[in-house]
Amino acid sequence: MQKPYDFTWADLGNLTEGRPNLGNETSVAIYRLMQFTFKDVLSKELGRERTREIFVQAGHLSGREFCRHVLNCTLPFAEFIAELKAKLIALKIGVLQVEEASLPGLHFVLTVSEDLDCSGLPVFGETVCDYDEGFIAGIFREYTGQEFTAREVDCWATGDRTCRFQVKSIGG
Amino acid sequence: MNTGQALETIANYLAQAMARGLGRNGLVFPLECSAVDDRAGQDFCKILAQIFTQCNEAYSFAQAIANGELQAEVSRANIFAMPLKALQASLRHLTWQANQVAAGDLNQQVDFLGEFSLAFNHLIEVLRDKETLQNKYQESLQTINALLEKQATTDPLTGIFNRLKFTKLLEVEICRAQRYKSPLGIIMFDIDKFKQINDSYGHQAGDSVLVDIARVIKANVRTTDVFARWGGEEFMIIAPGCRLEQSRQFADMLRLRVGQHPFSVLQPVTASFGVAAFKPDDTEISLTNRADQALYRAKADGRNRVEVEE
């Protein structure tokens, strides 16, 4: 049986060397094409709920790695959020905003507009940003050392114009 | 009614609504869809009626947002309310940001809100500049205060404590000695024939001797001792933890150090020492007086010696 694959940040490769002409960016449509076709095939193989769980897990891993390699986890909370906002804009992932933040209770309400996964989608009637849920929970896990859940309560696909996430510490 | 008549009714209603505004009731669909003869007309009316409902709801939602009701809700399927939801999310975030700034967080920035972004970010820049300025003033104030404190407590020639500071520290040590019943010695010393040094070599040379003797003594007292210039060529030392005999020995050691030091003047420089030890009823004055009296006897008995209180 083949060994499972363990992701490391180095696996992202050297884009400067690999794409000297095309550069390190591509279109959102191509990103979504990959993601939604994965969703299609996986949901047919494994069912919708299991597919959702897989996307959340992958997002969580991605969030933790992103935090470790791109963000400064030693910053105080306000500065950390400012850095996270700036990076998400710079990398064109989305525009992060905070609506509520309770540090003692470890409870946050975040919105992401122009979200990479869903902004501009037709209204499906359900939230679709499963990967983002994991991504956000992974970032908070890496920053605080505690486990979090992030639940999307509003999404472009449900008719809203920003994605809204309820983020809570699992212990709290 | 046929579809044409239905459309005419709707058009007339809308023309009036455009002229007078929506009013308290908003847009009211002006006919019963079932009254339209043909199916296609009925279906069209039903959809238009839904659009009227959405318009009314979006209008109420916009009004609520405009009134600052940031928790207002609107149905998800309302296509007219969608941009307003984005505005609502931005306003909620701005509310949080305003509270953060009020709490001192000057990392906040607003993105993609045009003129408002420029104004808010400019405000943050100004607040940061003011904070920087305030910090600089604070630092300058602290530096000035430290300097004033030093000037108020330090003898400008020798750099050691002055009489004022010494008196305050002696009060503290006396309190400590009374509280913990611990020994406390006090030494007063005076440079022998200092007037002669000044007359023979000039006041500059005299000052040099004062500076030198302060340096010698400072190098030989403990970190817990207090060393000060009492006035002129007189100096005082507080020796916490020292009884009378220990203080006497301490003073004698200092006397020898002074005698051995190569001063810049062409004559030996010596000092006379008076020693006293704290008694339970002592005040600063009574204690220093006894040291002073001992010093007087040291001078009278030949100088360059240590005498203890009687």
Quiz item: Given the structure, is B:Cys33 away from chain A (no Cβ under 14 Å) and in contact with a Lys or Arg (Cβ under 9 Å, 6 or more places away or on another chain)?
Solution: yes
Practice problem: Give just the number: which of (1) in contact with a strand residue (DSSP E or B) (Cβ under 6 Å, 6 or more places away or on another chain); (2) in contact (Cβ under 8 Å) with a residue 60 or more places away in the chain does B:Asp252 not satisfy? | Solution: (2)
Quiz prompt | Condition met for B:Gln109 (part of a helix (DSSP H, G or I) and within 14 Å of chain A (Cβ to nearest Cβ)) | solution = no
Practice problem: Inspect all residues belonging to the stretch A:101-111 and state whether any of them is touching a residue at least 24 places away in the same chain (Cβ under 8 Å), of a type in the set (Val, Ile, Thr), within 14 Å of chain B (Cβ to nearest Cβ) and closer than 22 Å to A:Val153 by Cα. | Solution: yes
Quiz item: In the stretch A:153-164, which residue that is crowded, with 24+ Cβ neighbours inside 10 Å and of a type outside the set (Val, Ile, Thr) is nearest to the other protein chains (Cβ to nearest Cβ)?
Solution: A:Asp160
Quiz item: Yes or no: A:Gln97 under 19 Å from A:Glu133 (Cβ atoms) and either surrounded by fewer than 19 Cβ atoms within 10 Å (Cβ to Cβ) or without any contact (Cβ under 8 Å) to a residue 12 or more places away in the chain (or both)?
Solution: no
Self-check item: Members of the stretch A:159-172 found to be touching a residue at least 12 places away in the same chain (Cβ under 8 Å) and touching a strand residue (DSSP E or B) at 6+ places or on another chain (Cβ under 9 Å), listed by number
Solution: A:Arg161, A:Thr162, A:Cys163, A:Arg164, A:Phe165, A:Gln166, A:Val167, A:Lys168, A:Ser169, A:Ile170, A:Gly172
Quiz item: Taking the stretch B:112-135 only, how many residues are outside any loop (DSSP other than H, G, I, E, B) and within 11 Å of another protein chain (Cβ to nearest Cβ)?
Solution: 1
Self-check item: Condition broken by B:Ala40, with the remaining ones in (1) outside any loop (DSSP other than H, G, I, E, B); (2) without any contact (Cβ under 8 Å) to a residue 24 or more places away in the chain; (3) of a type in the set (Gly, Ala, Ser) satisfied
Solution: (2)
Quiz item: Right, B:Ala214: crowded, with 20+ Cβ neighbours inside 10 Å and under 24 Å from B:Asn289 (Cβ atoms) or not?
Solution: no
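Computed from the coordinates by the stated procedures, all read-outs in this text should not be read as laboratory data. Model, not experiment: these values are computed from the prediction. Cβ: placed from backbone, ideal geometry, glycine included. Neighbour counts: every protein chain shown.
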